[in-house]
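Everything on this sheet refers to the single structure shown next.
The values are calculated or read from the model by the stated rules, or taken from the named source; none is laboratory data. In this text, all values refer to a predicted model and were calculated from it rather than measured experimentally. Note that each Cβ is placed from the backbone with ideal geometry, even for glycine, and that neighbours are counted across all protein chains shown.
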Amino acid sequence: MVSNIRTQLVNGSPWTNFAELEQWLRGHRQSAKTGPLLDLRVTEDGLELVAELPGFKAEDVELTIHREVLTLKGHREEPEAKRYFLRERPTGEFERSLRLPFPVDEAGVQASFENGLLTAKLPPRAEDQPRRIELNS
């Protein structure tokens, strides 16, 4: 990426790859390709997921768990206005998957969506929790 920009600066117009440079400079910012920003916290009760989804409706978001992989999918429609002076809000489809640090009780997952924040509580699977064994004497 950087060498490509250097080549353009030396061999041609510096504006040729301006869009590529802008994308590179944004770095970790949210995009339609990477999906929303997430926090996954370990709590006393398992895991807690918080995803930022401003401007989304609950029916446009899907949260699934299969084995130890959590997947978050969504879709934001293209606004009516086609001409922009500045456009930073992504539209279209996104999908993010991440491997959970331990198996969760899929039936016990509780999720809510309020004010653009998706919050999900993911309890550990019962058979994967430590079990105290009584010692006979």
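Picking from residues in region 95-137 that are among the charged types (D, E, K, R) and in contact (Cβ under 8 Å) with a residue 12 or more places away in the chain, the one that is surrounded by the fewest Cβ atoms within 10 Å (Cβ to Cβ) is ARG99.
Residues that are closer than 24 Å to GLU48 by Cα and among the hydroxyl-bearing types (Ser, Thr, Tyr) were ranked within region 62-94; the one that is surrounded by the fewest Cβ atoms within 10 Å (Cβ to Cβ) is THR64.
Of all residues in region 61-76, none are charged (D, E, K, R), more than 17 Å from the chain's Cα centre (by Cα) and more than 15 Å from PRO123 (Cα to Cα).
Selection of first residues in region 60-89 that are farther than 16 Å from LEU100 by Cα and small (Gly, Ala, Ser) and of second residues that are at pLDDT 80 or above and outside any strand (DSSP E or B), restricted to Cβ pairs under 9 Å at least 6 apart or on distinct chains, gives the following pairs, ordered by first then second residue: GLY74/PRO36; GLY74/LEU53; GLY74/PHE56; GLY74/ASP60.
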